[in-house]
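Quick notes on the structure that follows.
The values are calculated or read from the model by the stated rules, or taken from the named source; none is laboratory data. This is a predicted model, so every value here is computed, not measured. FYI the Cβ positions are ideal-geometry reconstructions off the backbone, even for glycines, and counts take in every protein chain you see.
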Amino acid sequence: MTSWFPLLAGVGLGGATVALMAIGGVMHQRGTWATIMVAIASFYVVFAIQTGDTLEIVVHTGLAAGFTALAIIGARTSSWILAAALLGHGIFDVFAGSVIANPAPGWWGPFCLGIDVVLALTLAAMLLRGRTLD
């Protein structure tokens with residue numbers, strides 16, 4: 001597996017997610033984007049639980065709570081907050097291991113970055129075209 005494969009796989013899954021959201025008719029619902037943000041943020045908690053390290057669990061639960069708060073605020077106020085939170089999580093994926101203990105497998109950061117960026121750019125493009133979310 002090359003170092004680019006996880007990123008490309010994430011981009012592919014992000015694209016598939018966008019396509020399925022469109023097919024399912026949920027692309028323009030704020031709740032869909034907020035739920036995706038919450039789900040994405042929770043994966044690091046799962047990886048922390050897998051390590052059994054209490055401090056990692058607490059830290060990553062706190063970070064997930066922060067992204068969850070952004071998802072709720074974005075769903076209630078501005079869809080731009082949802083787009084920014086998704087992009088922010090992608091940035092977190094890049095730097096997670098340099099700032100705090102990163103319980104995720106080494107391939108996870110690039111993989112999740114790919115998904116996050118595709119979703120953030122898709123939502124931002126919709127908003128720039130004047131589309132409002134229900």
### Message
Against the condition part of a helix (DSSP H, G or I), surrounded by 15 or more Cβ atoms within 10 Å (Cβ to Cβ), among the hydroxyl-bearing types (Ser, Thr, Tyr) and on the phi < 0 side of the Ramachandran plot, how does Thr68 come out, does it pass?
### Response
yes
### Query
Name the residues in the range 1-17 that are of a type in the set (A, V, I, L, M) and closer than 12 Å to Gly114 by Cβ, would you?
Leu7, Leu8, Ala9, Val11, Leu13, Ala16
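Only one of Val99, Val118, Val45 is more than 28 Å from Ala19 (Cβ to Cβ) and either free of Cβ contacts under 8 Å to residues at least 12 places away in the same chain or surrounded by 16 or more Cβ atoms within 10 Å (Cβ to Cβ) (or both). Can you tell me which?
Val99
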### Query
What residue, among those in the range 1-48 that are assigned to a helix (DSSP H, G or I) and among the hydroxyl-bearing types (Ser, Thr, Tyr), is farthest from Val94 (Cα to Cα)?
Thr32
### Task
Residue by residue through the range 80-112, note down the ones that are modelled with pLDDT of 95 or more and of a type in the set (Val, Ile, Thr).
Ile81, Ile91
## Note on the structure
Among (1) in a helix (DSSP H, G or I); (2) surrounded by 13 or more Cβ atoms within 10 Å (Cβ to Cβ), Leu55 falls short only on (2)
